[in-house]
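Some notes on the structure that comes next.
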Amino acid sequence: MLDNGERRRAGASNDRARLVSRRKFLAATGGGAAVSMAGCLGGGGGGSGVTIGGVYLLSGLAEALGAGSAATAEVAVEAINEEGGIMGEDVELIIRDHGDDPQGQLQSLVQAEGADVLLGMTSSGVTLNSGPTVEQLGVPWTLTDIGTPYVTEPNEEKYGDFYGGDGKAAGLPNVFRTNSNTSHMTYAIAKYISENYDSPRIANMGPDYAYGQQCWDYVQAYMDGLGVDYEVTASEFPELGATNMTPQINSVLSSDPDLLFTSFWANDTVTFTNQAAEQGLFDQVEDVFDTIGADPNNFDALGDTMPEGMHYSGWYWPGAYDTEADEQFIERFRNAYENDSEVLAYPPFTGGSTWAAVHIYKQAIEAAGSTNPDDIISEMEGLTYENDPRGSITIDAETHQATANCVIGESSFDADVPYDGAGQVNTQTYSLDRDTALDLLEGSDLPPGL
């Protein structure tokens, strides 16, 4: 296992990469070094042991998010290797940056590095565009950070084939997901609004691309399905990665909403929150919701700027589940990175899903008795993973979406967190099944992806 403190990311410049300083990551060009815990199982990696390949954004807007997922994958592999590996052999983990050629990275991981299974990614658009490449490669690909419901929607007859035209069903036979998705997350927010606010005036802000637009479409559809009597006062979409959101914030404020729904993530969450606080937005609305803004990295970056009492949400929050598995995961993650200057020693909001994905691969490979892709896929369909930090989850045999819950919490400086900033208190977890989602989304033409 490499532990020489060297950092490397894809691309030409290393100065902005927020990567795990305790390990080396493989450069996107194919040079560089891997986070390597090697064995010799005789899998796809040219006679070596099981190889897990991952592609995440490790630079730019989402570098902290991607690095958090990569760090979690490393901790999960360490835990597996400490317990004897997979079928008695250690596991090798290779993580690469999306770079400018994410499909090329995926191909290289499988064809050059011999990855038996894949993890990723950090962008819904990149994931959808990479689908045909991964389907051709044939190995299982488990998504840990992806919001779009389309990627786990198999019903082409009802929603149309995404890859065959203008459809929304993009489910593929070897693609799985362990995080909650946009359909589920926006349902949770709509449910919370329906139970806590009467006839609210609601404004929207989100990044101006598919994710932000999908989130706004879905939350409105779910509010309609739940019978919420609401009025839309404004809807603004600053560009992804915008450095100045003041015009959009002022537009929202001038519309005098009761609530603000947002779909920012990573650095955009930090930019929005800082600038909204400067404009006094949090003092002029009753509540602000954000789909996946509740990440320790965001709260750490915001420090004392994060307002209390807002309901940011996410796919995982450490300590929200009252499970022994979560306590053990948090302890292991904190121990691994307590002296690391680059990785926050607290699991990210993709932590639960990434930890689960790695352990699901172990469970499926050992059940299959081999690293044959078709055998692993067969075992993953309908698989239940009992020791998920979020509680037991099952991968749906048809959609390949895990039954993972999502969490909404209240921002507070009273939260027990190992950094100077807010955390989440009064957390609530939400589950959603496909039949309920179909009923609530009826008439919207939006697939549940559940």
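Descriptive notes on the structure:
- Unmet criterion (only one of (1) within 25 Å of Gly125 (Cβ to Cβ); (2) in contact (Cβ under 8 Å) with a residue 60 or more places away in the chain; (3) not in a loop (DSSP other than H, G, I, E, B)) for Ser235: (2)
- Unmet criterion (only one of (1) buried (at least 24 other Cβ atoms within 10 Å of the Cβ); (2) of a type outside the set (Lys, Arg); (3) modelled with pLDDT of 95 or more) for His98: (3)
- Scanning the stretch 30-71 for residues that are assigned to a loop (DSSP other than H, G, I, E, B), crowded, with 21+ Cβ neighbours inside 10 Å and either assigned by TED's automatic domain parsing to the domain that holds Ala112 or modelled with pLDDT of 50 or more (or both) returns Gly49, Val50, Leu57, Leu58, Ser59.
- Total residues in the stretch 421-450, condition assigned to a loop (DSSP other than H, G, I, E, B) and among the charged types (D, E, K, R): 3
- In the set Ile377, Ile365, only one residue is surrounded by 24 or more Cβ atoms within 10 Å (Cβ to Cβ) and in contact (Cβ under 8 Å) with a residue 24 or more places away in the chain; that residue is Ile365.
- Residues within the stretch 199-220 that are basic (Lys, Arg) and crowded, with 21+ Cβ neighbours inside 10 Å, tallied: 0
- Among the candidates Pro389, Pro348, Pro418, residue that is out of contact with any Pro (no Cβ under 6 Å at 6 or more places or on another chain), outside the structural domain of Asp116 (by TED's automatic domain parsing) and either within 30 Å of Asp304 (Cα to Cα) or assigned to a loop (DSSP other than H, G, I, E, B) (or both): Pro418
- Residue satisfying all of: in the stretch 233-281; β-branched (Val, Ile, Thr) and touching a strand residue (DSSP E or B) at 6+ places or on another chain (Cβ under 6 Å); nearest to Asp145 (Cα to Cα) among these: Thr262
- Of all the listed residues (Thr273, Thr269), the sole one being in contact (Cβ under 8 Å) with a residue 24 or more places away in the chain, in contact with a Gly (Cβ under 6 Å, 6 or more places away or on another chain) and hydroxyl-bearing (Ser, Thr, Tyr) is Thr269.
Residues are listed down the side, and each one gets a yes or a no for (1) small (Gly, Ala, Ser); (2) more than 16 Å from Ile408 (Cβ to Cβ):
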| position | (1), (2) |
| --- | --- |
| Phe261 | no, no |
| Trp265 | no, no |
| Ala276 | yes, yes |
| Gln284 | no, yes |
| Asp287 | no, no |
| Asn297 | no, yes |
| Gly303 | yes, yes |
| Trp317 | no, no |
| Asn339 | no, yes |
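- Verdict on Asp322 being charged (D, E, K, R) and touching an Asp or Glu at 6+ places or on another chain (Cβ under 8 Å): no
- Hits in the stretch 243-266 - residues which are part of a helix (DSSP H, G or I) and surrounded by fewer than 21 Cβ atoms within 10 Å (Cβ to Cβ): Thr246, Pro247, Asn250, Ser251, Leu253, Ser254
The values are calculated or read from the model by the stated rules, or taken from the named source; none is laboratory data. As the structure is a prediction and not an experimental result, all values here were calculated from the model. Every residue, glycine as well, gets a Cβ built from its backbone with ideal geometry; the counts of neighbours run over all protein chains shown.
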